[in-house]
Amino acid sequence: MIQIDSVSHVYGRREVLSEVSLDLAERRIGIVGGNGSGKSTLLRLCNGLILPTRGRVRVLGHDTARELSVVRSLVGFVFQDPDLQIIMPTVAEDLAFSLRPARLSRQEVAARVDLWLDAYGLASHKDHPAHLLSGGQKQLLAIAAILITRPQILVFDEPTTLLDLRNTRRVMDVVSGLDQQVIVATHDLDFLADFDRVIVLDEGRVVADDSPAPALAAYRRLV
């Protein structure tokens, strides 16, 4: 569970989240709202990419402000633009880079990299320049590079925004098949149809919080 207790966050002089309190326990949680509503800020609070200006965020009991390294090991974050996450020159090297903190042997790293390359259809691109992959392949690589570290919670910030329909469906299928708790911010409302819960943000506040159908209906009325 992620517990968000009376959290506000200020960028410069603008308060982008205002007194938000949420217990995020469901397996599949969607976050929707217009541009500037606070979606990305809320997601970044969940793994300590940013810290609250006021209030407290705890992940499985760990305070993001005090136990940041533990929180980062528990919560994986997938950005909208996979190029922001791809670090190493080749596909295999990028996956291996994610395993450096685990201090595994070369054989263990190679075995785990091969496993994830095969799982995400990237085995034939093992030595391919990572930044020359297609948009969909880059997003799958970014997801694999997080999952290979075995986080307990996955946070996705608009993971299908830059993708065509075919690759959007591939990413949706991947997310649907994950065992971990998943929190997804998206403008693709169809993505969230079978989620357990959808939260609607507007001007930094929670304005609806329900199962998908009523929450998305509230969002449509809002816009």
> Mind checking whether some residue in the stretch 67-82 is without any contact (Cβ under 8 Å) to a residue 40 or more places away in the chain, within 19 Å of MET1 (Cβ to Cβ), of a type in the set (Lys, Arg) and buried (at least 16 other Cβ atoms within 10 Å of the Cβ)?
Replying inline: yes
>> Being small (Gly, Ala, Ser) and either farther than 13 Å from VAL207 by Cβ or modelled with pLDDT of 95 or more (or both) is the requirement here; does GLY34 meet it?
In response: no
>> Report every pair of residues separated by at least 6 positions or lying on different chains whose Cβ atoms are under 9 Å apart, first residue within the stretch 95-113 and of a type in the set (Lys, Arg), second at pLDDT 90 or above.
In response: ARG100/VAL109; ARG112/LEU95; ARG112/ALA96; ARG112/LEU99; ARG112/ILE148
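Suppose we filter the stretch 148-164 for residues that are over 23 Å from SER40 (Cβ atoms) and surrounded by 20 or more Cβ atoms within 10 Å (Cβ to Cβ); how many remain? Show your work before the answer.
As a first pass, look at the stretch 148-164 and keep what is over 23 Å from SER40 (Cβ atoms): 148, 150.
Pick out the ones that are also surrounded by 20 or more Cβ atoms within 10 Å (Cβ to Cβ) and you get 148.
So the count comes out to 1.
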> Looking only at residues in the stretch 24-61 that are farther than 17 Å from ASP157 by Cβ and of a type in the set (Lys, Arg), which one is least open to solvent (accessible area, probe 1.4 Å)?
Replying inline: ARG58
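Restricting attention to the stretch 101-132, and to residues there that are open to solvent by less than 10 Å² (accessible area, probe 1.4 Å) and either out of contact with any strand residue (DSSP E or B) (no Cβ under 9 Å at 6 or more places or on another chain) or of a type in the set (D, E, K, R) (or both), which single residue is nearest to ASP164 (Cα to Cα)?
Looking only at the stretch 101-132, we keep the residues that are open to solvent by less than 10 Å² (accessible area, probe 1.4 Å), and these are 113, 117, 122, 130.
From what is left, the residues that are either out of contact with any strand residue (DSSP E or B) (no Cβ under 9 Å at 6 or more places or on another chain) or of a type in the set (D, E, K, R) (or both) are 113, 117, 122.
Details: VAL113: 27, LEU117: 22, LEU122: 18 Å.
So the residue we want is LEU122.
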>> Which count do you get for residues in the stretch 185-223 that are open to solvent by 30 Å² or more (accessible area, probe 1.4 Å), modelled with pLDDT of 95 or more, within 21 Å of the chain's Cα centre (by Cα) and more than 16 Å from GLY34 (Cα to Cα)?
In response: 3
> Applying the selection to the stretch 113-139, what residues are of a type in the set (D, E, K, R) and under 20 Å from the mean Cα position of the chain (by Cα)?
Replying inline: LYS138
> Out of all the residues in the stretch 124-165, which are farther than 30 Å from GLY36 by Cβ and among the charged types (D, E, K, R)?
Replying inline: LYS126, ASP127, ARG150
>> Take the residues in the stretch 165-184 that are in contact with a Leu (Cβ under 9 Å, 6 or more places away or on another chain) and of a type in the set (Val, Ile, Thr); name whichever of them is most open to solvent (accessible area, probe 1.4 Å).
In response: VAL174
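Hand me the list of strands (runs of 3 or more DSSP E) wholly inside the stretch 13-132 holding 1 or more residues that are touching a Phe, Trp or Tyr at 6+ places or on another chain (Cβ under 6 Å). Working first, answer last.
Details: elements: 14-24, 28-32, 54-59, 75-78.
Counting at least 1 such residues, we get 28-32, 75-78.
The values are calculated or read from the model by the stated rules, or taken from the named source; none is laboratory data. Everything numeric in this text was worked out from a predicted model, so none of it was measured. FYI the Cβ positions are ideal-geometry reconstructions off the backbone, even for glycines, and counts take in every protein chain you see. Only protein heavy atoms, including side chains, enter the accessible area calculation; ligands, DNA and RNA are left aside. Shrake-Rupley method; radii C 1.70, N 1.55, O 1.52, S 1.80 Å.
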